[in-house]
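None of the figures in this text is laboratory data; all of them are computed from the coordinates on show. Bear in mind the structure is a predicted one, so any value in this text is a computation, not a measurement. Here the Cβ is made from the backbone with ideal geometry for all residues, glycine too, and neighbour counts use every protein chain on show.
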Amino acid sequence: MSDVKRCDLHMHTVHSDGTLTPSELVQLAKKSGLACIALTDHDTLSGIEEAQAEGNRIGVEVIAGVEISVICEPGTMHILGFFVDRNSKKLKEELAEIQETRRIRNPVIIEKLQALGMDITLKEVEQESGGGQVGRPHFARALVKKGHVKNSEEAFDKYLTKGAPAYVDKRKLTSRDAIKMIEESGGVAALAHPKQLKLDHEPDQFERVIEQLKSEGMKGLEVYSSCQSKDEAARYRKTAERLGLLITGGSDFHGSNKPEVKLGWMGDGAMIPYETIDRMKKMILDRKKK
Ligand code: AMP
Ligand code: ZN
Ligand code: FE
Ligand code: FE
């Protein structure tokens, strides 16, 4: 193995819609040769304490992170936070409000699925989540289990993806609010998987959106992701370099909820060196000096 310290800055546990516990995830990171990971569960910091304890025990650096969905058209926009303060009362309260919007959404999705003729209950979906944040992958798994669809992909395509008949939007923050939340809790904000903005066919519009996010305080762009091709990554990299944004990357690992994605893999040959983490730490230090 090379002596480069490799990092993976995007992943989920059972605290949201992944399938490993924080300890299991950190153990897998160690086995996969990763020096540093960021745990970025959707809308919650609840897995971080366990992950950091396990990381300290076995020698993997665990960055406290989070992934927040924000308002966006036509695609989907997720903002990642790195080095957030997991004890920040304000951040925890703000995330609790977002979690509440999930709890409101879930029964509405169930009603829609039932109206479409499917026999499925909220309890069955909650069982899939094992007590963490309920997300659409849990609905997908329950639909598979009940035999309504062959696999999760079909569940998303037919029912759960944006625009499909059982899709229900969560009330979301604006990008400005999410970036502010992250930065005010000491963190660094980055745009997750830019491909999902669905602006690849409108390059000018894409550039304007990224510029706008930068003006709102965003510091990084997830150039490398398991959902982005080499060509896409090359394009996003140019944008990041033009605007002086940090180049980040992550697998968006979800365990067996997305079995094709391996921890540490963000496209063939792509990797994030530890220098990126040093740059984030320096940004945070410089901010404190001001
Ligand atoms: P939620 O936070 O409940 O809206 O669910 C978002 C999660 O669903 C994302 O993090 C993905 O893991 C997953 N997801 C969204 N769209 C799809 C899709 N088309 N196919 C498979 N998984 C998806
Ligand atoms: Zn997810
Ligand atoms: Fe995401
Ligand atoms: Fe994610």
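Structure data summary
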read-out	value
Label-point gap, in nm, between Glu153 and Gln205 - each point 7 angstrom along Cα→Cβ	2.7
Calculated [θ] (222 nm, deg cm²/dmol) that DSSP helices of n ≥ 4 give over the chain, each run adding -39,500 (n - 2.57)	-13500 deg cm²/dmol
Two-site FRET efficiency, Asp85 against Val168, from Cβ-Cβ distance with R₀ of 35 Å, rounded to 0.05	0.65
Additional length obtainable on full extension of the chain from Glu260 to Glu49, 0.36 nm per residue less Cα span	73.2 nm
Cys residues of the chain counted as unpaired, since no other Cys beta-carbon is under 4.7 Å	Cys72, Cys227
³J(HN,Hα) computed for each position of the range 192-205 - Karplus, 6.51 cos²θ - 1.76 cosθ + 1.60, integer Hz, glycine/proline x	6, 4, x, 4, 6, 5, 6, 10, 4, 8, 10, x, 5, 4
5 angstrom amide H check on Lys198, placed H, neighbours 5+ away	Thr76
The chain: mean projected area of Cα convex hull, nm²	14.8
Glu241 versus Arg103: modelled label distance in nm, points set 7 Å from Cα along the beta carbon direction	4.8
Calculated FRET efficiency for the pair Lys180/Ile284, C-beta based, R₀ 22 Å, to 0.05	0.90
Packing-based ranking, highest mean first, of 180-189, 13-22 given that Cβ atoms within 10 Å are counted	13-22, 180-189
Protection proxy ranking of 136-145, 152-161, 256-265, 212-221 - average other beta-carbon atoms within 10 Å, highest first	136-145, 212-221, 152-161, 256-265
Computed over the range 76-176: relative contact order in percent, which uses C-alpha pairs under 8 Å that are six or more apart	24
Gain on full stretching of the segment that runs from Leu116 to Ser215 - 0.36 nm per residue minus C-alpha separation	31.3 nm
Average projected area [Cα convex hull, the range 16-105], square nanometres	6.5
